[in-house]
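**Q** To start, I am sharing the structure in question, which I have written as structure tokens.
Read-outs throughout are calculated quantities, based only on the coordinates presented, and are distinct from any laboratory measurement. Keep in mind it's a predicted model, so treat the numbers as computed, not measured. Quick reminder, even Gly has a Cβ in these numbers, built from the backbone with ideal geometry, and neighbours come from all protein chains shown.
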Amino acid sequence: LAYLDRVPDQEHRNEGYRAGKFRDALLIAFLACRPVRLANATSMTIGRHLVEDEGRWACSFDARETKDKRALAFSLPDLLIPYLETYLDTYRPILLKCNKSQHLWISTRRTPMSEQAIYWNTSRLTEELYDRRINPHMFRDCAASALATDDPEHILAIARILGHASIDTSNRHY
């Protein structure tokens, strides 16, 4: 979040580059708070997966859109909302230029970001910020580890947080 606060005042090659940095940092903050699978993060569209209602933002995916074939719905944390709204109002239009798209994550080429682009940009910016590459899936590992170490009484919640059908899947992979 501190990086997101600095982006508007940093020197950048151009506004498109600044917008891309803000988008990537927001994506990292989003994954840190809501560690969805890369396919779901990539497919997010405004008005379908991401919806605003009276100042609250919520995300949802139909069962057919998730790996475990179970619907997934969650609200965005209050601390992300000002950054999301800044991205939507300021930086996303810069990335789109004259193009139109409902996809949330827009590339510097004015098109929806691919899974590969999100993976690469997330890994690259986390390395810049933390001296370690953290790919989108690693946020899921971090969520499982944090819950296990910081709140072990609620470890069973990790299955739902990660979108697993059962805790057995979480135990096998994390």
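**Q** Wrap a convex hull around the Cα atoms of the range 9-83, take a quarter of its surface area, and give that in square nanometres.
**A** Across all orientations, the range 9-83 yields a mean hull projection of 5.8 nm².
**Q** Multiplying the sequence separation of L1 and T86 by 0.36 nm and subtracting their Cα-Cα distance, what value in nm do you get?
**A** Computed gain between L1 and T86 is 29.3 nm.
**Q** Could you state the angle between the C-alpha long axis of helix 115-130 and the longest principal axis of the C-alpha atoms of the chain, as a value from 0 to 90 degrees rounded to the nearest 10?
**A** For helix 115-130, the angle is close to 90 degrees.
**Q** Kindly provide the pair-distance distribution of the chain built from C-alpha pairs, with 10 Å bins from 0 and whole-percent values in order of increasing distance.
**A** Once binned at 10 Å, the Cα pair distances of the chain give 9, 37, 37, 14, 3, 0.
**Q** Where does helix 15-33 land angle-wise versus the long Cα axis of the chain, in degrees 0 to 90, nearest 10?
**A** 10
**Q** Could you work out the relative contact order of the range 1-96, using alpha carbon pairs under 8 angstrom and six or more residues apart, expressed as a whole percent?
**A** 29
**Q** Through the Karplus equation 6.51 cos²θ - 1.76 cosθ + 1.60, θ set to phi - 60°, convert the phi angles of the range 135-143 into ³J(HN,Hα) values in whole Hz; use x for Gly and Pro.
**A** Values per residue, Gly and Pro as x: 7, x, 5, 4, 4, 5, 4, 4, 4 Hz.
**Q** Checking the cross-link filter: which aspartates and glutamates have an alpha carbon closer than 16 Å to that of K67, excluding same-chain neighbours under 8 positions apart?
**A** List returned: E115, D168.
**Q** Moving on. Using a Förster distance of 45 Å, how high is the FRET efficiency between S145 and C98, based on the Cβ-Cβ distance and rounded to 0.05?
**A** 0.55
**Q** Also, I was wondering about something else. Sorted by mean Cβ packing within 10 Å, highest first, what order do the peptides 53-59, 121-127 take?
**A** Order by mean packing, descending: 121-127, 53-59.
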